[in-house]
Ligand code: NOJ
C-alpha cells in the first residue's frame with residue numbers, strides 16, 4: 001500500500017509503517033463519531049441526464065445544496081450495476097457504476113466535489129448476497145452440482161416431495177424477507193442431469209439475490225478487494241447491508257425457521273446474528289485500518305438485543321451499528337428518554353458512538369408515521385399503504401409537527417445522526433402510487449398483498465414546477481404527487497420556519513454547539529417534557545404532550561436559539577408548545 005490522501009483535510013498521511021510501528025492517530029480519525037450523515041438514494045435524488053433516473057452527476061450538481069444543508073457526510077445507497085430487482089441491493093459488479101447512474105469517472109468527480117465541500121463519503125456494501133447476474137452466480141448456474149463455482153453460494157439438493165421427485169421440495173422451510181420461500185430451484189445446465197430440474201439455491205431476499213457462502217475463502221477475499229477498491233478511490237466509510245446475516249449454519253439437516261423475524265438471542269439462530277459473523281468483521285477492520293485515518297463503517301444489523309448488536313460496533317469491528325430503536329418507537333416522552341439513555345450507556349461501554357435514525361429507504365417516512373393514531377403498528381402502516389393512504393385519514397399537520405420535534409430531539413443527542421434525503425423537506429410517504437408503477441420486490445413476492453417501500457423512494461422535488469418534474473430531471477421512474485410542489489426545496493428555500501430552514505439552522509448550530517459524547521438528564525415539571533444538557537451547557541427540551549407545557553424553572557427563554565415550532569412562538573409566555581423541541585445555547 002502507498003501513501004493515502006485525506007482529501008477532506010487535504011493532508012497526505014503515510015500508511016502504517018510496514019515495520020509494525022503504530023501510525024500516529026490522524027486528526028480526522030474520529031470524524032464519524034458525531035457526524036450528521038445524509039443518505040442519498042441515488043436513483044431518486046437528482047437526474048442530470050434527463051433519463052428519469054437519478055445519477056451520480058446529479059449528486060455532483062447538488063453539492064452546493066448539500067453543503068448549505070450542513071451535513072458532514074453522504075451515504076450513497078448502491079449505485080453499482082444492477083437489474084434493480086431490489087432497487088440496487090442486487091449487485092452485479094461491486095467495483096463499478098451502473099451506466100444509467102454514471103461511470104467511475106463520474107464517481108471520482110462526485111467524490112472530489114464532496115471532499116472539496118468538506119463532505120465525506122460513505123458507500124453501501126452488500127455482502128450477504130450478490131445479484132443473479134453477478135459473474136460468479138452465472139458461472140455457478142452454468143456448472144454442475146458440486147462444482148467449485150457453486151461452492152461460493154448455497155446450492156443444495158431439495159427434499160423428496162412424496163410424489164416421486166427426490167428433490168422436489170426446497171431444502172428447508174425458510175421464508176424470504178420479501179415474501180414467498182427462500183429457495184429457488186434451477187434447471188441444470190451441466191452434468192449428467194443437464195436440462196432437468198435440479199438443485200436449489202438460497203436467497204433470503206428476492207430470487208435475484210442469491211446468498212453468498214461466507215465460509216468460502218474467495219468470498220471473504222473478494223470483499224476485502226472491494227473495500228480496498230473504494231477506499232483507494234477516496235471513500236471515507238462503508239455502510240454494511242444485512243451485516244447480521246453473513247454467517248449461517250448450513251449443517252444438514254437444515255433447521256426449521258418458518259418466520260425470519262423470530263431471532264434466537266444467544267447466537268444459535270441458523271441464519272442471523274451468529275457468533276461466527278464477528279470474525280468476518282474483525283477481518284474487515286484490519287483492512288479498514290490499513291488507511292490513515294482508518295475508514296469508518298456502520299452495520300445494518302436488525303438485532304434487537306442491544307448487547308449483541310453492539311458487538312458489530314466494537315472498535316475491533318465496524319465501529320458503529322445502526323440502532324433503529326427510536327425509529328420503531330412511538331412519539332412519547334418515556335420511550336424516547338429510555339431508548340436514548342440505554343443506547344448511550346451501551347455505546348459508551350462498547351467504545352462505539354451511538355447512531356440515530358428516523359427515516360431511510362426501507363420505512364414509511366416519519367412525518368407520516370407520526371400522523372397515525374397512537375399505537376399503530378407496522379401492520380397498520382401496511383394496511384394504510386394498501387388503502388392508497390385513504391384509511392385511516394392521517395393528521396398530517398400533527399405528523400410533521402412531531403417529526404420536526406423528534407428530529408431536533410435527536411440532533412441534540414451525542415452520536416451520529418443519519419438523515420434520509422427529503423426528510424429535510426418534511427416529505428410525507430407517497431401512499432397512492434399507481435399500482436403499475438410499483439417496483440419493490442415485496443409487492444411482487446407477496447402477490448400484491450404488501451406494497452413495500454416505493455412510497456419513500458419517490459424522486460425528490462427540487463422546484464415547485466410540476467411541468468418540470470419538480471426540477472428532478474426527466475420523467476421520474478416513480479411518479480411524483482402534486483403536493484410535492486409545496487414541499488419542494490425551492491418553495492422552502494429562505495422561508496422562515498420551513499422544515500428546510502429548520503434543518504439548515506439545526507445542522508449549523510449542531511456543529512457550533514457540539515460537545516463531548518455525553519449528556520445529563522434534567523428534571524422537568526411534566527412527565528411529557530424531556531430535558532437534557534450536554535457537557536458544554538447546550539440544552540434540549542422536548543414537549544411530547546398534545547398541550548403546551550410550562551418551562552422547567554431555571555430555563556431562560558432568552559437562551560432559546562432554535563425551535564421546531566412556528567416562528568416567533570418559541571417559549572412564548574414561559575411555555576413550550578405542544579409537540580415541540582427547543583434548543584438553548586450555553
Ligand atoms: C437492507 C436494505 O436497506 C434493503 O433496502 C434491502 O432490500 C435489503 N437489505 C436486502 O439487501
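Bear in mind these aren't lab numbers, they're just calculated from the coordinates by the rules spelled out. Since we're looking at a predicted model, the values are computed, not measured. Neighbour counts are summed over all protein chains in view; Cβ atoms, including those assigned to glycine, are modelled from backbone coordinates with ideal geometry.
Values as computed for the structure displayed
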| read-out | value |
| --- | --- |
| Relative contact order computed over segment 444-553 (Cα-Cα under 8 Å; 6+ residues apart), in percent | 14 |
| Rounded to whole Å, sorted largest first: equivalent-ellipsoid semi-axes of the chain, Cα gyration tensor | 40, 28, 24 |
| Label point distance in nm, residue 139-residue 483, each placed 7 Å from Cα along Cα→Cβ | 5.1 |
| Pair-distance profile P(r), taking every C-alpha pair of segment 423-560, with 10 angstrom steps and integer % | 10, 25, 24, 22, 16, 2 |
| Against the rule of thumb 2.2 N^0.38 Å, how large the Cα Rg of segment 252-383 comes out | 1.20 |
| Beta bridges per DSSP with both ends in the chain, % antiparallel, nearest 5 | 55 |
| Alpha-carbon Debye profile of segment 12-140, log10 I(q)/I(0) at 0.12, 0.15, 0.18 Å⁻¹ | -0.56, -0.80, -1.00 |
| Sorted by Cβ density within 10 Å, fewest first, the residues 136, 483 | 483, 136 |
| Which of 207, 152 has the fewest Cβ neighbours within 10 Å, and the rest in rising order | 207, 152 |
| Mean Cα-pair separation over length for segment 480-537, i.e. relative contact order, pairs under 8 Å, 6 or more apart, % | 21 |
| Cα centroid separation, segment 351-402 to segment 195-220 (Å) | 34 |
| Length-normalised contact order of the chain in % [C-alpha pairs under 8 Å, at least 6 apart] | 13 |
| Over the chain: helical MRE at 222 nm, DSSP H runs n ≥ 4 each giving -39500 (n - 2.57), nearest 500 | -7000 deg cm²/dmol |
| Helix 333-350 vs. the chain, principal-axis angle (Cα, 0 to 90°, nearest 10) | 60 |
| Segment residue 161-residue 194, length gained on full extension (0.36 nm per residue, minus Cα span) | 9.8 nm |
| Residue order, fewest to most surrounding Cβ atoms within 10 angstrom, among 40, 262, 119, 576 | 262, 119, 40, 576 |
| Rule-of-thumb Rg ratio for segment 381-478 [Cα; 2.2 N^0.38 Å; N residues] | 1.23 |
